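Data first, discussion second: the structure below is written as C-alpha cells.
The values are calculated or read from the model by the stated rules, or taken from the named source; none is laboratory data. Since this is a predicted model, take the numbers as computed values, not measurements. Because the Cβ atoms are built from the backbone with ideal geometry, glycine has one as well, and the counts that use them run over all protein chains shown. Keep in mind that these areas ignore ligands, DNA and RNA; they rest on the heavy atoms of the full protein, side chains included. Shrake-Rupley method; radii C 1.70, N 1.55, O 1.52, S 1.80 Å.
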Amino acid sequence: MNRSIVIILLLVIGLPAHGQAFKDALAPLVEASCIDCHDADTDTPLNFEKIGHDLSDAVTFRQWVKIFDRVDKGEMPPKKKKRPNPILKNKALTALEADLRTANLKQQAAQGRVAARRLTRLEFEYTLQDILGIGGNLKRHLPPENTSAKFANVAEKQGISPVHIRSYLTAVDAALDEAIALGPKPRAGGRDMDYRNNRYSSMWFDRPMRNGGQTVMRTDDAYVMFSYRSEPFVARSDYMGYHFPYPGLYRITAQGSGYQAKSTIGFGLYKASDKHGNTELIGNFEIMPGKSRKIELTQYFEPGEFFFPAGLNLNVAPDGKMIYMMRVKGARGYKGEGLAIKWLKIEGPLEEEWPPTRTRNLLTGVPIIWLPKHSIYWTHPTKEPKEHLRDVVKRLAPKAFRRPVADAEIESFVSLAKPHHPKDQPMHKMVRAPLRAMFSSPQFLFHGGQPGLLDDHALASRLSYFLWKTLPDAELVRLANDKKLTQAKVLTAQVDRMLNDPRSNRFINDFLDGWLHLSDIDATTPDPTLYPEYDNELRQAMLAETRLYLRELLAKNLAARNFIKSDFSFVNRRLARHYGMANISGEKMRRVALPPDSVRGGLMTQASILKVTANGTLTSPVKRGHWVLASLLGTPPQPPPPTISALEPDIRGAVTIRETLAKHRDVASCASCHQHIDPPGFALESFDPIGGFRQRYRTPGKGDWTKERYLAAHHLGHPLYRWGLDVDASGSTASGEKFRGIRRFRDLLLRQEEQVARNFVSQLITFATGGEVQFADRAEVEQILASAKADGYLVRDLLHAVVQSRLFLNK
C-alpha cells in the first residue's frame with residue numbers, strides 16, 4: 001500500500017472530534033498575548049471570544065490557518081507589543097499545526113485535494129486541435145477565465161454557466177466545420193502578389209496626398225513602402241484580391257531589400273482580421289544595408305483573415321521632413337528609409353491530399369466521392385449508417401475522455417444521430433450530432449476522478465495537461481493501458497521526453513503567463529511620446545527572453561538562484577539595443593553571456609517583467625515591490641486597509657515616488673508591509689516602464705506631438721520629452737541592510753534562494769494539479785526542498801520531484 005496513503009489513514013483515525021484538541025494548548029497563549037486586542041470590546045476583524053474550533057468547517061479552518069501563519073512569522077502580536085512566552089507559543093503552535101494538518105488530510109482523504117475542474121480555454125482549444133487535426137482559434141468563442149486566480153486551471157476558482165455551455169457548442173461547431181472540409185479542391189500552385197501592377201495597389205502611387213496617396217511608390221523592380229500607417233490599407237492581401245479559401249497552413253515567400261537604408265531595417269508581416277479586430281506581427285526579418293533577403297514564413301490562416309507586409313525600424317529622413325509634408329511631394333521626394341519588395345508569393349492550404357487528411361481521418365471507412373455537378377465532395381455510407389457512426393465514436397471517445405470507454409457509453413452518443421437524420425443523409429452531416437454532444441459533455445470538459453491515488457489513465461491525463469496542455473499521446477496511453485506509468489522510473493522518463501518535445505512550449509508559455517503575469521504584457525500601452533522605441537518587435541523579444549530563459553533553466557537543470565541572478569540571458573538585435581548591448585545582429589534570439597557588473601540577469605530585470613509591473617507612463621515601487629514579494633518570493637503582503645487611499649504619483653516629476661511613499665510609511669498600519677514592499681521597488685526604479693536602464697526620469701515635454709513627428713525630432717537629436725529628477729535606487733531591507741541600486745539588492749536577495757525555490761515548487765504544484773498548496777501539503781513541499789538543497793535546488797529536479805510527489809499522484 002502506498003506509504004503516503006497509510007500516513008493519511010493513520011492521521012485520520014487519530015483525529016479528535018471536530019479537531020478541538022488544540023483548544024486547550026492555545027488557551028494560555030490567547031489569554032496572555034491576544035485577548036486584550038481581539039475580544040468583543042475591540043474593533044478588529046478577529047474576535048477570539050467568537051471564533052469557532054470546528055476545523056471541519058471551511059471558514060473556521062481558514063481563520064485558524066491565518067492565525068497560525070501570523071503568529072509563526074512573528075506578525076502577531078505586533079512587534080511593538082510584548083513578546084509572547086516562547087514556551088507557550090511553541091506549545092500552542094505545535095498543537096494547532098498538528099490539528100490543522102490532520103483536519104486537512106481528513107478532508108483530502110474524503111474528497112481529494114482537488115475538486116473536479118474543467119478544461120481551460122487554452123486546454124479546450126489544444127485538445128480539439130490535436131484530436132481533429134485542426135488549427136483554428138477556438139478559445140475566442142469561450143468566456144474569459146476568472147482573473148482572480150493566478151492560473152486558469154485552479155478548480156475552486158472556476159465556474160460554469162449556461163453561457164459556457166452555449167459557448168462550448170459554438171466552439172465545437174467551428175471545430176467540426178474546419179475538420180470536415182468537403183468543398184472544391186484549392187487551386188494548385190501559388191499566387192503572386194504583384195504590388196507593382198495590381199489595380200488596387202497601383203492606384204496609391206498617384207492618388208493625391210490629401211486622399212492618402214503617394215506614400216508608396218514603385219521602382220523598376222520593386223514596390224517601396226515607407227510609413228507603417230499606410231500599409232494596412234495599401235498592402236492588405238484581401239484588397240489585393242486574395243482571400244483564404246480554407247482554414248489551414250499557408251506559406252508566404254518574398255524577397256526584399258532596404259530602400260535608401262543606411263541601417264538595418266525589418267521586413268515585417270502582419271496577420272489581421274476585421275471581424276475579430278486583432279492585428280498580430282507574425283514575422284520580422286532583418287535586412288542589412290545594401291543587401292537583399294529572401295524570406296519564408298508558414299502560418300495558419302482562416303477565411304476572413306488577411307495579411308500585409310510592413311517596413312520596420314525605418315529611420316526617418318535626415319532633414320526631419322515627413323512623407324506627408326506637401327513640400328516633400330510624397331514618396332518620390334522623401335529621403336527616409338523604406339522597404340523595397342521585389343516579389344511576394346503565397347501558397348496554400350498546404351495539404352498533401354484533398355479532401356485533407358484531417359477530414360479523411362475523421363471519416364475513416366466512409367467513402368468520399370466528388371460530385372462534379374454540385375462541385376463538392378459527398379459521403380455515402382457503405383453499410384448501416386449506425387455502424388459507421390459507431391466506428392467514428394469508438395475511435396474518438398477514448399481520446400476525448402482520456403480513458404477507456406464502455407460500449408454502453410459509446411452507444412449513448414451514437415443514438416443521438418438516429419432521431420435527427422434520415423438513413424440516406426450524408427455521413428458527414430450525421431456524424432456531427434454525436435461529436436457535438438461528445439465534445440461538450442462533462443466527460444470531455446472535466447477532469448474528475450475519485451479521491452486517492454490516480455489510476456494510470458488519470459495520471460497520464462494529469463501529466464499531459466501539465467506539460468502539453470492537451471490529451472495524452474499514444475505512448476502515454478500505451479503505458480497507461482499496460483499499467484506502467486505509475487512506476488517511478490517510467491514516470492521520470494516520460495517527463496523528460498515531454499519536456500524535450502516542442503509541445504512543452506505550451507507549458508512554458510501558459511505557466512509564465514500566470515506565475516509572472518506575462519499575460520498582462522498588453523494591459524497598458526507605453527506613452528509614445530515618452531517611449532517611442534517601444535514597438536511590436538521589442539514586445540515579442542521581451543516575451544521570448546523570459547520564455548527561453550525558463551526553458552534553458554529546465555533544459556540545463558540549472559539552480560533556482562538563477563531566478564534571482566544569472567550570468568546569461570537571451571536577446572536578439574532589437575532587445576540587445578534596448579539593453580545597451582553591442583555586437584548583436586539579426587532577429588533570432590540567442591543566449592548571451594553577461595558581464596559580472598551587468599544590471600541584467602535573473603527575472604527581475606528582464607524587460608517583460610518590468611513592462612508588466614509598470615503602467616506605460618511611469619513606474620511604481622509599490623507595484624514592482626509587490627511583484628517581487630508575491631511572484632518571485634511567494635510571500636505576498638497583506639492588502640492595504642480600506643481606509644488607506646491609493647498612491648497618486650506626481651507625473652510632472654516635481655515630487656518623487658519615494659517622497660510620496662514616505663507619507664504612507666508614517667502610517668502605522670502601512671509601515672509593517674511597506675518595509676518589505678518598498679526595498680525591491682526602490683531597487684527597480686533604475687528601470688523605466690519598458691525595461692530600459694535609466695539614471696533620470698523622462699517627463700513630458702511641451703506640445704501635442706504625433707509619434708512620427710517625435711521620431712523625426714528624436715532622429716535629429718531633438719527629443720520632445722524632458723529629463724526630470726535623478727533616479728534614486730537606494731534603500732534598506734527590512735532587516736536594515738543598505739543597498740544602492742539593483743546589483744547590491746540582487747546579491748542580498750540571493751540569501752533567499754530557498755524561498756524562491758519554495759515558491760517555484762508551490763507554483764508548479766498549483767499549475768500541475770489545479771489545486772493550490774493547502775496546509776497539509778506544506779510538509780510535502782518542505783520534503784522536496786530538503787532533498788534538493790544539497791544540489792542547489794536544480795530546476796528540472798524540482799519539477800521531477802513535484803511529479804513524483806503525493807500531491808501530483810493523488811486526486
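From the square roots a ≥ b ≥ c of the eigenvalues of the alpha-carbon gyration tensor of the chain, which class results: rounded (a/c under 1.5), prolate (a/b over b/c), or oblate?
Oblate shape, in that a/c is at least 1.5 and b/c is the bigger or equal ratio.
DSSP loop (so not H, G, I, E, B), at most 16 other Cβ within 10 Å: list which trypsin sites (Lys or Arg not before Pro) in segment 578-641 pass both filters.
Taking segment 578-641 and a limit of 16 other Cβ atoms within 10 Å, the loop trypsin sites (Lys or Arg not before Pro) found are LYS588.
Sort segment 321-430 into rounded, prolate or oblate with this rule: let a ≥ b ≥ c be the square roots of the eigenvalues of the Cα gyration tensor; rounded if a/c is under 1.5, and if a/c is not under 1.5, prolate when a/b is larger than b/c, oblate otherwise.
In terms of gyration-tensor shape, prolate.
Apply 1/(1 + (r/R0)^6) to the Cβ-Cβ distance of GLU296 and ALA115, taking R0 = 51 Å, and write down the FRET efficiency to the nearest 0.05.
Calculated value: 0.60.
Could you list, in their original order, any pairs among LYS271/LYS429; LYS484/LYS556; LYS262/LYS329; LYS399/LYS483; LYS565/LYS611; LYS399/LYS429 whose Cα atoms are separated by more than 25 Å?
Among LYS271/LYS429; LYS484/LYS556; LYS262/LYS329; LYS399/LYS483; LYS565/LYS611; LYS399/LYS429, the Cα-Cα distance tops 25 Å for LYS271/LYS429; LYS484/LYS556.
At 1.4 Å probe radius, can you tell me the per residue accessible area of the chain in Å²?
46 Å²
By the gyration tensor of its Cα atoms, with a ≥ b ≥ c the square roots of the eigenvalues, what is the shape of segment 387-545: rounded for a/c under 1.5, prolate for a/b over b/c, or oblate?
oblate
Tell me which GluC sites (Glu not before Pro) from segment 305-390 have a DSSP coil assignment and no more than 14 other beta carbons within 10 Å of their own.
GLU352, GLU353
At what distance in nm do the modelled label points of MET288 and ASN146 sit from each other, each positioned 7 Å from its Cα along Cα→Cβ?
Each label point lies 7 Å from its Cα, and together they span 5.5 nm.
For segment 143-240, which chymotrypsin sites (Phe, Trp or Tyr not before Pro) are in a loop by DSSP, counting at most 16 other Cβ atoms within 10 Å?
TYR239
Ignoring ligands, DNA and RNA, what percent of the accessible area of the chain is carbon or sulfur (1.4 Å)?
Whole-percent figure for carbon plus sulfur exposure: 52.
Along the Cα→Cβ direction, 7 angstrom out, place labels at SER415 and LYS66. What is the inter-label distance in nm?
For the pair SER415/LYS66, the computed spacing is 5.1 nm.
Could you work out how far apart the two model spin labels at MET209 and ASN615 are, taking each label as a point 7 Å from the Cα in the direction of the beta carbon, and quote it in nm?
For MET209 paired with ASN615, the spin-label model returns 3.9 nm.
For every helix of n ≥ 4 consecutive DSSP H residues, a contribution of -39,500 (n - 2.57) applies; sum these over the chain, divide by its total residues, and give [θ] at 222 nm rounded to the nearest 500 deg cm²/dmol.
Using -39500 (n - 2.57) per qualifying helix, the result is -11500 deg cm²/dmol.
For LYS484 and LEU725, compute 0.36 nm times the residue count separating them, minus their Cα-Cα distance, and round to one decimal in nm.
80.3 nm
Just to be sure I understand: if I project the alpha-carbon convex hull of segment 478-584 onto a plane and average over all orientations, what area do I get in nm²?
9.4 nm²
Between LEU350 and ARG251, what length comes free when the chain is fully extended (0.36 nm per residue of separation minus the Cα-Cα distance, one decimal in nm)?
Full extension from LEU350 to ARG251 adds 34.9 nm.
Under 13 Å from the Cα of LYS588, which aspartates and glutamates turn up, not counting those fewer than eight places away in the same chain?
GLU286, GLU537, GLU545
For LYS79, which lysines qualify as cross-link partners when the Cα separation must be under 17 Å and same-chain residues fewer than eight apart are set aside?
Output for LYS79: LYS89.
So how much slack lies between ASP391 and ALA474, counting 0.36 nm per residue of separation and subtracting their Cα-Cα distance, in nm?
That pair, ASP391 and ALA474, stretches by 28.0 nm at full extension.
Treating segment 114-155 as a set of equal point scatterers at the Cα positions, no solvent, please give the Debye-formula log₁₀ I(q)/I(0) at q = 0.24 Å⁻¹.
-0.84
Could you list the square roots of 5 times each eigenvalue of the Cα gyration tensor of segment 729-792, that is, the equivalent ellipsoid semi-axes, sorted largest first and rounded to whole Å?
Largest first, segment 729-792 gives 30, 13, 10 Å.
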